[in-house]
Amino acid sequence: MPHIWCPGCGHGIVLNNLVQSIDKLGLNKNDLVLVTGIGCSARISGYVDFHTLHTIHGRALAFATGVKLARPELTLLVAMGDGDALAIGGNHFIHAARRNIDITALIMNNRTYGMTGGQHSPLTGFGTKSTTAPLGNIEQVFDTMELAKAAGASFAARGTTYHVRSLQKLLTQAIRHKGFSVVEILSQCPTYFGRKTKAGTAADMLRSYRDNTVPVGSEAKQKNPDLIERGIFVQEERTEFCTAYEGLIQAAREGR
Amino acid sequence: MKRDNSRDKRLLFLQGNEVCVEAALYAGLGFFAGYPITPSTEISEQLSKRLPMLGGKFIQMEDEIASMCAIIGASLTGLKAMTATSGPGFSLKQEAIGYAVMAEIPCVIVNVQRTGPSTGLPTGVGQGDVMQSRWGTHGDHAMIVLTASNHQDVFAVTVEAFNLSETFRTPVVLLFDEVIGHMREKLVLPEPGEIPLVERLKTSVKEGTNYHPYLPREDGRLPMSDFGGVHRYNVTGLFHDMWGFPTTDPATAHELLHHLVDKIEGAGQRIARYNEFFLDDAECVLISYGSSARSALHLVESRRAVGERLGLLELQTLWPFPAAIVRDRCEHAKHILVAEMNMGQITQEVKKAVSDPERVFLANRFDGNLITHRDIKNVLRVIRGGGM
Ligand SMILES: Cc1ncc(C[n+]2csc(CCOP(=O)(O)OP(=O)(O)O)c2C)c(N)n1
Ligand code: SF4
């Protein structure tokens, strides 16, 4: 398939797994809307045969909120880069989570701004070099899972492009979950992050996901706090926004 | 004789913002997203009550950018969608307004103007967003912007905004001002069907047959298919082909931009709305719009009473600028005086439109107070060689 991603980019692996999860769920393509922002990750909407909406940088969740509230029966998927979701779109992210609107948000975390050439993102990390932090980044990172949880997301999970089987499962569970679901996916950008930070090739980065991540709540993490946890962090039932709105319509009509 | 109770019910006494709400509902509004800002907030407040009663959707988003994005998303599912704001919020919406232009998504944006720049005078009247409404977003494009000076016309142009938006698949801006938004006056609520409504042109292409969302038709209208329907397609703010997929092909880009501009500029005659008062023999033509036009009309009527040949051209379509009408009505005028509450944003357009720009003068005010008929009269006296 011709696509715009560089050889070795993790975004293709995310696309593959997303499509497989949807297939597994047996969803009708006419009921699926995939909304994206701007960035390499956002181009994922151009390769699928759903209703697709490629919007503006950082605002994908706001567009998706409009589609979802207008047609609650549709399944809304939103794919974003870490820049999209947590820098320019950070406010929309926490508010979509707070509302607990039934949208599945994928954050493709390559720890950089890929499309604009490797500047640091909110997830790049302290001390890491970027094209706009040539002396090393002096900004701290977010923990996406903690942020999602604090903001009110009722489902939050982290996967990687190395652990594809569990990634597929996480995506399936996230889509099935009624409420705001977040799946953060560590996805390699060999072109910019790999080169700038000496993280190496795509294969090197995939190996690092294998070696530096552990399942949530494992003992290894307690011994070595630098390890990154993957798996489900939050899974709760909470009043969903569109359902609550239906109640509002009922109340208004009955004059309550 | 039996009293006509129905007529009483149709007579309302409302704020301009409330009239805008009545008109939007009359036009079939199904979705509203907004963020509070003076002097537009009553629109949100009213719709938060009215829409759920009608089964429509209201959401207060986290900011104006999100509100604009949300109405675009909702419009794609087939609902008539609107947002309302004032100057600072309007600035925030601009990138997404450009997106709606590019992706050809119908929606209505109300801007009840205050005075600026920046947060300016939140409760003061102004008309400073005339140029922002035209050129606020980046790149070349066309824009439809309407305004009104009294509540009956606020109703009519609001319905028209939805009609034009659906006809041309484009965002339409309603540029009111604080005085219009907050002033209370009579509204005769039109009967259902009294003002024709334009509904979205839906594709007749059957399921299983290729639907091209951006295949131009001879009449310029592009039939739409709702998100969630049987035709799946891509929507993007990038230059795109007739399938909606991004392209960098120079010929396709050239053609698309031409299409976006021509469909609106080419329909200037149809979009142009205005009121004329005493123009037939006017020696001096006043040109005004919004609440300024009320003061201008007051002056014209009072000077006519003492025999002065004054006339008023009240613009309701600000963009595309009705240059041909302005040129025609000003042809025999000795003086042309534009009354507006900014530093001359429409005045510049009038100068471009008429044969002799030296005939064009400006009576203005931008201190948060309504321009009065006296303010305009003072400028008129100076133009005619009198002292202040
Ligand atoms: C309002 C706005 N600001 C900046 C940009 C430029 N821009 C395009 S993509 C991008 C970063 C994308 O990074 P991310 O969201 O992490 O996705 P990635 O490309 O890394 O997958 C930026 C800053 C833009 N298109 N719009
Ligand atoms: S620049 Fe990075 S994120 Fe973008 S396509 Fe290339 S590898 Fe992927």
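The values are calculated or read from the model by the stated rules, or taken from the named source; none is laboratory data. As the structure is a computational prediction, the values presented were derived from the model and not from experiment. A quick note on method: Cβ atoms are made from the backbone with ideal geometry, for glycine too, and the neighbour counts reach across all protein chains shown. Areas reflect the complete protein model, heavy atoms only, side chains present, ligands, DNA and RNA absent. Shrake-Rupley method; radii C 1.70, N 1.55, O 1.52, S 1.80 Å.
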Exclusive hit being in contact (Cβ under 8 Å) with a residue 60 or more places away in the chain, β-branched (Val, Ile, Thr) and surrounded by fewer than 21 Cβ atoms within 10 Å (Cβ to Cβ), set B:VAL157, B:VAL172, B:VAL188:
B:VAL188
Subset of region A:56-72 [in contact with a Cys (Cβ under 9 Å, 6 or more places away or on another chain) and either more than 12 Å from B:ILE72 (Cβ to Cβ) or more than 7 Å from every other protein chain (Cβ to nearest Cβ) (or both)]:
A:ALA60, A:LEU61, A:LYS68, A:LEU69, A:PRO72
Return yes or no: is A:THR201 within 16 Å of ligand 2 (Cβ to nearest atom), more than 21 Å from A:VAL141 (Cβ to Cβ) and either open to solvent by 20 Å² or more (accessible area, probe 1.4 Å) or touching a Cys at 6+ places or on another chain (Cβ under 9 Å) (or both)?
yes
Subset of region B:130-148 that is small (Gly, Ala, Ser) and open to solvent by less than 10 Å² (accessible area, probe 1.4 Å) - its residue that is farthest from the chain's Cα centre (by Cα)
B:ALA142
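Yes or no: B:THR167 in contact (Cβ under 8 Å) with a residue 12 or more places away in the chain and more than 22 Å from B:GLY290 (Cα to Cα)?
The answer is yes for B:THR167.
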Which numbered condition A:ILE175 misses (of (1) in a helix (DSSP H, G or I); (2) open to solvent by 70 Å² or more (accessible area, probe 1.4 Å); (3) of a type in the set (Val, Ile, Thr)):
(2)
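Residue by residue, here is whether (1) of a type in the set (Gly, Ala, Ser); (2) more than 30 Å from B:VAL112 (Cβ to Cβ) holds:
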residue: B:LEU189; (1), (2): no, no
residue: B:TYR211; (1), (2): no, yes
residue: B:SER225; (1), (2): yes, yes
residue: B:ASN275; (1), (2): no, no
residue: B:ASP280; (1), (2): no, yes
Of everything in region A:178-200 that's hydroxyl-bearing (Ser, Thr, Tyr) and outside any helix (DSSP H, G or I), which residue is farthest from ligand 1 (Cβ to nearest atom)?
A:SER181
From the set of residues in region A:80-115 that are assigned to a loop (DSSP other than H, G, I, E, B) and in contact (Cβ under 8 Å) with a residue 60 or more places away in the chain, which is farthest from ligand 2 (Cβ to nearest atom)?
A:ASN100
Where a residue in region B:45-70 is more than 9 Å from chain A (Cβ to nearest Cβ) and its partner, wherever it lies, is buried (at least 24 other Cβ atoms within 10 Å of the Cβ), with Cβ under 6 Å and at least six apart:
B:GLN46/B:VAL21; B:LEU47/B:VAL21; B:LEU47/B:PHE32; B:GLU64/B:THR85; B:GLU64/B:LYS93
Looking only at residues that are away from every other protein chain (no Cβ under 12 Å) and more than 21 Å from B:ALA81 (Cα to Cα) in region B:215-234, which one is least open to solvent (accessible area, probe 1.4 Å)?
B:GLY220
Residue count, region A:1-12 (criterion: at pLDDT 95 or above and within 13 Å of ligand 1 (Cβ to nearest atom))
6
What pairs come out if I take residues in region A:235-256 that are within 9 Å of chain B (Cβ to nearest Cβ) and pair them with residues that are among the aromatic types (Phe, Trp, Tyr) and open to solvent by less than 70 Å² (accessible area, probe 1.4 Å) whose C-beta lies under 9 Å away, six or more apart or interchain?
A:PHE241/A:PHE180; A:TYR245/B:PHE58; A:LEU248/B:PHE58
Run down B:VAL205, B:VAL198 and say which single residue is open to solvent by 20 Å² or more (accessible area, probe 1.4 Å), farther than 27 Å from B:SER295 by Cα and touching a Phe, Trp or Tyr at 6+ places or on another chain (Cβ under 6 Å).
B:VAL205
Give the residues of region B:276-298 that are crowded, with 17+ Cβ neighbours inside 10 Å and not hydrophobic (A, V, I, L, M, F, W, C), sorted by residue number.
B:SER288, B:TYR289, B:GLY290, B:SER291, B:SER292, B:ARG294, B:SER295
Every residue in region A:52-101 that is surrounded by fewer than 24 Cβ atoms within 10 Å (Cβ to Cβ) and of a type in the set (Asp, Glu), please.
A:GLU73
When you look at B:GLY244, is it under 19 Å from B:ALA70 (Cα atoms) and at pLDDT 95 or above, yes or no?
no
Inspect all residues belonging to region A:114-121 and state whether any of them is crowded, with 24+ Cβ neighbours inside 10 Å and either within 14 Å of chain B (Cβ to nearest Cβ) or hydrophobic (A, V, I, L, M, F, W, C) (or both).
no
Can you tell me how many residues in region A:45-68 are in contact with an Asp or Glu (Cβ under 9 Å, 6 or more places away or on another chain) and within 16 Å of ligand 2 (Cβ to nearest atom)?
1
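Listed here are the residues, each with its yes/no results for (1) away from every other protein chain (no Cβ under 14 Å); (2) part of a strand (DSSP E or B); (3) farther than 25 Å from B:THR203 by Cβ; (4) modelled with pLDDT under 95.
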site	(1), (2), (3), (4)
B:GLN94	no, no, yes, no
B:ILE105	no, no, no, no
B:ASN111	yes, yes, yes, no
B:ARG114	yes, yes, yes, yes
B:PRO122	yes, yes, yes, yes
B:GLN132	yes, no, yes, no
B:THR137	no, no, yes, no
For A:GLN188: the one exception among (1) within 18 Å of A:LEU34 (Cβ to Cβ); (2) within 12 Å of ligand 2 (Cβ to nearest atom); (3) of a type in the set (S, T, N, Q):
(1)
Subset of region A:37-94 [over 20 Å from B:SER75 (Cα atoms), within 13 Å of ligand 1 (Cβ to nearest atom) and not hydrophobic (A, V, I, L, M, F, W, C)]
A:GLY39, A:SER41, A:ARG43, A:GLY81, A:ASP82, A:GLY83, A:ASP84, A:GLY89, A:GLY90
Tell me, please, whether a residue that is aliphatic (A, V, I, L, M), within 14 Å of chain A (Cβ to nearest Cβ) and farther than 28 Å from B:THR347 by Cβ can be found in region B:235-254.
yes
Name the pairs whose Cβ atoms lie under 9 Å apart, with the first residue in region A:164-187 and in contact (Cβ under 8 Å) with a residue 40 or more places away in the chain and on the phi > 0 side of the Ramachandran plot, the second assigned to a loop (DSSP other than H, G, I, E, B) and open to solvent by less than 20 Å² (accessible area, probe 1.4 Å), and 6 or more positions between them or separate chains?
A:GLY179/A:ASN100; A:GLY179/A:ILE101; A:GLY179/A:ALA153; A:GLY179/A:SER154; A:GLY179/A:GLU240
Of all residues making up region A:122-150, the number that are within 16 Å of ligand 2 (Cβ to nearest atom) and open to solvent by 80 Å² or more (accessible area, probe 1.4 Å):
2
For residues that are facing chain B (nearest Cβ under 10 Å), within 11 Å of ligand 2 (Cβ to nearest atom) and part of a helix (DSSP H, G or I), scanning just region A:1-44, find the one that is farthest from A:LEU77 (Cα to Cα).
A:ARG43
